[in-house]
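The values are calculated or read from the model by the stated rules, or taken from the named source; none is laboratory data. Small disclaimer: the values here were computed from a predicted structure and weren't measured. So basically every Cβ, Gly included, is an ideal-geometry build from the backbone, and we count neighbours across all protein chains shown. Keep in mind that these areas ignore ligands, DNA and RNA; they rest on the heavy atoms of the full protein, side chains included. Shrake-Rupley method; radii C 1.70, N 1.55, O 1.52, S 1.80 Å.
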Amino acid sequence: MTLLHFWRTHAAEFATLFGQHVLLVGASTLVAICAGVPIGILAARRPRAGAPIVWLANVVQTIPSLAMFGFLLPLPFVGGLGARVAIFVLILYALLPIVRTTTAGLRSIDRVLIEAGTAMGMTPAQLMREVELPLALPSIVAGIRVAAVIGVGTATIAAAVGAGGLGEYIFRGLSMVDSTVILAGAVPSALLALTIDGALTLVERALKAGRVARGGRRAVVVATALIAIAAGAAGMAYMRPGGDVFRVGSKNFTEQIVLGEIVAQTIEARTSVRVERRLNLGGTFICDRAVRSGDIDAYVEYSGTAQTAIFHQPVDTDRQRVFDGIKRRYAESGLTLLDPLGFENTFAMLIRGDVAARLGLRTLSDAAAHAPAWRAGFGYEFLQRADGYPGLARTYGLRFAAPPTAMDLSLIYRALAQGQVDLVAGDATSGLIDAYGLVMLQDDRHYFPPYDAAIVARAPALLAHPEVRDALATLSGRITLADMRRMNRAVDAEHRDPTDVAREFLATVSGR
């Protein structure tokens with residue numbers, strides 16, 4: 001599929017995501033202008049008072065944007081999923097360039113002009129309004145330009161916390177290992193940044209050349225204020241939770257996106273409840289926090305993951321005992337665990353097929369003797385979880401040539417196939433195992449717990465919509481391991497749209 005064809009076939013979705021991206025950047029930049037210019041004036045006139053604020057803005061710039069989203073998610077008022085936290089983070093990143101350029105612009109004004117205005121009887125407020133701000137305006141616009149361009153790039157990461165925007169295509173493409181989908185988000189994002197940069201550069205040059213009259217400057221200020229009000233109102237509407245909707249979430253890899261679509265389409269097909277998709281949110285902990293806080297109403301979780309990573313219980317290999325235990329713990333938190341979907345997605349310890357054949361490797365115990373000469377690549381969660389690498393290394397005595405490389409789950413299969421690493425922890429249901437000719441080593445010491453997939457939903461949401469619970473119950477036991485692997489392969493290897501893959505599966509399963 002070419003990029004242009006993708007845009008044509010996803011025109012409505014693209015328009016929505018592009019509009020969300022523009023709104024995120026526009027609203028945050030305009031709020032940053034309203035806050036940053038006064039702070040810059042304060043820093044220019046009273047350096048001691050403004051210095052702590054400028055220092056704080058500098059500190060914010062040193063924090064990676066993804067980490068900033070993580071810090072703010074659990075906080076009240078500004079936290080949670082969606083546009084609210086995204087706009088707040090973008091405002092923080094936009095403040096520093098605006099504050100700095102406002103301060104620099106005001107400090108660069110020739111003192112002779114200030115003294116002349118004072119001699120003419122102008123008050124400090126009149127001097128600021130009629131002399132200093134107009135002269136500093138080119139510098140201020142330069143700061144706004146930098147802030148807006150930074151905002152366009154940072155807003156792509158906001159898709160990880162359910163804020164929408166063009167980043168959804170980028171994250172989706174990464175999970176599908178599909179460069180076309182990545183470019184579908186990256187190219188318009190880059191063009192948007194270049195357009196904003198070019199337009200504001202022209203304004204800045206015109207102001208420096210004195211081609212904008214005083215009345216024009218006032219018109220710019222008034223227009224900016226009106227746009228800020230409009231963007232703020234639109235932003236509030238965008239951030240405000242919808243009316244009577246059921247929000248379906250998912251983690252950030254192919255299987256979860258497909259399952260999220262299956263859940264959403266099942267509700268849409270069998271009920272009149274409006275569904276809002278918040279797919280590709282991030283890892284286990286973001287989704288768990290989201291369903292507990294009410295930012296989403298349901299997502300698919302795995303029993304062993306819930307037992308060890310969410311509830312921090314010791315690893316247990318008894319399937320029914322694990323499921324009953326997490327179902328009880330979810331209920332204590334106001335959440336409902338529905339019956340299993342029918343398949344288990346355990347961790348798959350993978351090596352290349354030619355290596356397995358040459359060395360005669362079938363089990364993890366077999367591989368342990370060769371591991372000291374290998375390089376390993378694992379997902380971020382697997383490196384930290386109780387049922388992940390630390391316990392696996394102890395159980396099998398695994399030692400590698402170097403510490404395992406942390407990488408995104410969407411990249412590990414290709415990295416293994418291309419020889420960049422020699423052993424990875426993937427998903428047993430991944431379609432890329434067969435596509436890349438990989439071999440799954442047997443867990444002969446039964447280290448991993450069971451990982452039965454099941455829907456976790458907010459009990460209040462199900463009580464409010466009993467028809468949703470009935471609809472979701474039709475999925476229990478209907479998705480086999482072969483089904484899931486086939487759907488994953490359709491997305492990952494054949495680069496098909498998860499929405500279409502889910503729709504075709506539901507059409508097939510309804511006839512069984």
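Proximity of backbone amide H atoms, modeled 1.01 Å from N, is registered between Ala348 and Gly426, Asp427, Ala428 at under 5 Å, excluding neighbours fewer than 5 places apart on the same chain. Considering every alpha-carbon pair of region 284-405, the percent of pairs per 10 Å bin, from zero through the bin containing the longest distance, is 11, 37, 29, 18, 6, 0.
Applying both filters, DSSP loop and at most 13 other Cβ atoms within 10 Å, to the chymotrypsin sites (Phe, Trp or Tyr not before Pro) of region 74-105 gives Phe77. With the simple model of a label 7 Å out from the Cα in the direction of the Cβ, Ala119 to Leu75 spans 4.9 nm.
Segment Asp339..Asp500, full-extension length gain: 55.5 nm, with 0.36 nm per residue of separation and the alpha-carbon distance subtracted. The heavy atoms of Leu463 present about 140 square angstrom of accessible area, all protein chains included, probe 1.4 Å. Equivalent ellipsoid of region 1-68: semi-axes from √(5λ) of the C-alpha gyration tensor, largest first, are 39, 15, 7 Å. Could you look at the chain and say what percent of its accessible area is carbon and sulfur, using a 1.4 Å probe and all protein chains? Carbon and sulfur atoms account for 61 percent of the accessible area of the chain.
The order of Tyr389, Tyr451 by accessible area, most exposed first and with a 1.4 Å probe, is Tyr389, Tyr451. Solvent-accessible surface of the chain, averaged per residue with a 1.4 angstrom probe and all protein chains in place: 44 square angstrom. When the surface is traced with a 1.4 Å probe over the full set of protein chains, Val263 keeps roughly 10 Å² accessible.
Put +1 on the Cβ of each Lys and Arg and -1 on the Cβ of each Asp and Glu in the chain; which of Thr101, Gly121, Phe285 then has its Cα farthest toward the positive end of the dipole? Value computed over the given set: Gly121.
Rounded to the nearest whole Hz, the Karplus-based 3J(HN,Hα) values (6.51 cos²θ - 1.76 cosθ + 1.60, θ = phi - 60°) of region 385-390 follow the sequence 5, 5, 9, x, 4, x, with x at glycine and proline.
What the phi angles of region 194-201 give under the Karplus curve with 6.51, -1.76 and 1.60, with θ = phi - 60°, is a coupling list of 5, 5, 4, 4, x, 5, 6, 5 Hz, glycine and proline written as x. Set against the 2.2 N^0.38 Å expectation for a compact globular protein, region 32-178 has a Cα radius of gyration ratio of 1.29. Phi angles of region 430-446 translate, via the Karplus equation with coefficients 6.51, -1.76, 1.60 and θ = phi - 60°, into HN-Hα couplings of 5, x, 6, 4, 6, 4, 9, x, 8, 10, 8, 6, 6, 7, 6, 9, 6 Hz per residue; Gly and Pro are given as x. Compared with the dominant principal axis of the Cα atoms in the chain, helix 167-176 is inclined by about 20°.
Which values of log₁₀ I(q)/I(0), to two decimal places, follow from the Debye formula for the chain at q = 0.12 Å⁻¹ with a uniform point scatterer at every Cα? The computed values of log10 I(q)/I(0) come out as -1.10. Please report the base-10 log of the normalised intensity I(q)/I(0) for region 362-512, using a Debye sum with one equal scatterer per alpha carbon and no solvent, at each q in 0.08, 0.15, 0.18 (1/Å). Reported log10 I(q)/I(0), two decimals: -0.31, -0.92, -1.15.
Using heavy atoms of the protein chains and a probe of 1.4 Å, the accessible area assigned to Met407 is about 30 Å².
Once the other residues with Cβ under 14 Å from the Cβ of Gly36 are scored (Lys, Arg +1; Asp, Glu -1), what is the net sum? After counting each charged neighbour, the total is +2. Compared with the dominant Cα axis of the chain, that is its longest principal axis, helix 83-107 is turned about 30°. On the beta carbon distance between Leu383 and Ala209, with R0 = 60 Å, the FRET formula returns roughly 0.60.
Note on the chain: dipole from Cβ charges, positive end direction compared against Leu90, Met68, Ala49; the farthest Cα belongs to Ala49. For the chain, a crude dipole built from +1 on the beta carbon of Lys and Arg and -1 on the beta carbon of Asp and Glu, taken about the Cα centre, is about 1720 debye to the nearest 20.
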